[in-house]
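Trainee: Here's a structure for you.
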Amino acid sequence: MAFTYFFRDLQTLELIIEHLNTFISGRSNIKIWDAGCAFGPEPYSLAILLSEKMGKFSFKNVKIYATDIDISNQFEDIIKNGIYPYNELQRIPTEILKKHFTNIGNEKFQISEDLRSKIIYKREDLTKLNPIGTELSLILCKNVLLHLSAKERVDVIKMFHTALSEGGLFATEHTQKMPEELTDYFTPMQTNAQIFKKITK
């Protein structure tokens, strides 16, 4: 789904980062996968929040892989250029907006080069079950799973499990429950959000 905006579901994003910061402490290679990124507000929101929380020195170790099936062939250019209309940025606090965005006119803002360099976009169909890599610290997949069949959902989450580091985190939409057949693959980290930690099998 292409509909999204910056800082959407902020409470969940902040909880994810709270758990992630504990997991990645001392790591020099931090890989995050936002699966189903639409045209970029979610991975960029994650990057903004991480940069604010981690500080410049630690944040330099972060790479966020943003993927989407993108049948429109438009998402890559939008994400690469990082230019968004103001109406999609209104939930961002003013001081954060001024720090990380430049007003380029016509009610449009461009995100900083420092943050743009952290996002690696790739067109990807999750049902092909090809992970973008291994030893990932976090996989965030929200709206996509809602549109898969029950079997596809199980297969995709198993693929995520394989791609994560030991103890890595998986987060999804708050309405999306973990399939019963996968309860021994992950342990829940929150009672008020769908954030899970990988169980090594």
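Trainee: Looking for something free of Cβ contacts under 8 Å to residues at least 40 places away in the same chain, under 14 Å from Ser137 (Cα atoms), out of contact with any strand residue (DSSP E or B) (no Cβ under 7 Å at 6 or more places or on another chain) and in a helix (DSSP H, G or I) - is there at least one such residue anywhere in segment 80-96?
Mentor: For segment 80-96, residues free of Cβ contacts under 8 Å to residues at least 40 places away in the same chain, under 14 Å from Ser137 (Cα atoms), out of contact with any strand residue (DSSP E or B) (no Cβ under 7 Å at 6 or more places or on another chain) and in a helix (DSSP H, G or I): absent.
Trainee: Also, quick follow-up: Only one of Ile96, Ile119, Ile111, Ile78 is in contact with an Asp or Glu (Cβ under 8 Å, 6 or more places away or on another chain) and among the aliphatic types (A, V, I, L, M). Can you tell me which? Step through it out loud before you land on a result.
Mentor: Numbers: Ile119 fails: in contact with an Asp or Glu (Cβ under 8 Å, 6 or more places away or on another chain); Ile111 fails: in contact with an Asp or Glu (Cβ under 8 Å, 6 or more places away or on another chain); Ile78 fails: in contact with an Asp or Glu (Cβ under 8 Å, 6 or more places away or on another chain).
Only one candidate passes the filter, namely Ile96.
Trainee: Let me ask something else about it. Starting from segment 160-178, keep only residues that are more than 19 Å from Thr22 (Cα to Cα) and modelled with pLDDT under 95, then list their pairs with residues that are buried (at least 17 other Cβ atoms within 10 Å of the Cβ) and of a type in the set (Ser, Thr, Tyr) whose Cβ atoms are within a distance under 7 Å, requiring at least 6 positions of separation or different chains.
Mentor: Pairs found: His174/Thr12.
Trainee: Let me ask something else. When Phe23 is evaluated against the numbered criteria (1) modelled with pLDDT of 95 or more; (2) open to solvent by 10 Å² or more (accessible area, probe 1.4 Å); (3) farther than 18 Å from Phe109 by Cβ; (4) assigned to a helix (DSSP H, G or I), which criterion, by number, is the only one it fails?
Mentor: (1)
Trainee: Moving to a separate point now. Output the residue which, of all residues in segment 58-74 that are part of a strand (DSSP E or B) and of a type in the set (A, V, I, L, M, F, W, C), is farthest from Gly133 (Cα to Cα). Walk me through how you get there before you give the answer.
Mentor: Initially, segment 58-74 is screened for residues part of a strand (DSSP E or B), giving 62-68.
In the following step, the residues that additionally are of a type in the set (A, V, I, L, M, F, W, C) were identified as 62, 64, 66.
On the way: Val62: 14, Ile64: 12, Ala66: 12 Å.
Among those that are part of a strand (DSSP E or B) and of a type in the set (A, V, I, L, M, F, W, C), it is Val62.
Trainee: Consider Glu42 against the criteria (1) open to solvent by less than 10 Å² (accessible area, probe 1.4 Å); (2) under 14 Å from the mean Cα position of the chain (by Cα); (3) not basic (Lys, Arg): it satisfies all of them except one. Which criterion is unmet?
Mentor: Here Glu42 clears every test but (1).
Trainee: Sort through Lys99, Lys142 and tell me the only one that's closer than 17 Å to Ala47 by Cβ and in contact (Cβ under 8 Å) with a residue 24 or more places away in the chain. Outline the logic, then answer.
Mentor: Details: Lys99 fails: in contact (Cβ under 8 Å) with a residue 24 or more places away in the chain.
Answer to the selection: Lys142.
Trainee: Where residues in segment 8-20 are without any contact (Cβ under 8 Å) to a residue 60 or more places away in the chain and open to solvent by less than 10 Å² (accessible area, probe 1.4 Å), which of them is farthest from the chain's Cα centre (by Cα)?
Mentor: First, the residues of segment 8-20 that are without any contact (Cβ under 8 Å) to a residue 60 or more places away in the chain: 13-14, 17-18.
Subsequent filtering for residues that are open to solvent by less than 10 Å² (accessible area, probe 1.4 Å) retains 13, 17.
Details: Leu13: 9, Ile17: 10 Å.
My answer is Ile17.
Trainee: Say whether the condition of being open to solvent by 30 Å² or more (accessible area, probe 1.4 Å), of a type outside the set (Phe, Trp, Tyr) and in a helix (DSSP H, G or I) is met by at least one residue in segment 106-114.
Mentor: There is at least one residue in segment 106-114 that is open to solvent by 30 Å² or more (accessible area, probe 1.4 Å), of a type outside the set (Phe, Trp, Tyr) and in a helix (DSSP H, G or I).
Trainee: OK, next. What do you reckon, is Leu50 surrounded by 24 or more Cβ atoms within 10 Å (Cβ to Cβ), in contact with a Phe, Trp or Tyr (Cβ under 7 Å, 6 or more places away or on another chain) and part of a helix (DSSP H, G or I)?
Mentor: On the way: surrounded by 24 or more Cβ atoms within 10 Å (Cβ to Cβ): yes; in contact with a Phe, Trp or Tyr (Cβ under 7 Å, 6 or more places away or on another chain): yes; part of a helix (DSSP H, G or I): yes.
Yes: the conditions hold for Leu50.
The values are calculated or read from the model by the stated rules, or taken from the named source; none is laboratory data. This one's a predicted model, so the numbers in the text were calculated from it and none came from an experiment. Every residue, glycine among them, receives a Cβ derived from its backbone with ideal geometry; neighbour counts consider all protein chains shown. To get the accessible areas, we keep the full protein, side chains included, count just its heavy atoms, and leave off ligands, DNA and RNA. Shrake-Rupley method; radii C 1.70, N 1.55, O 1.52, S 1.80 Å.
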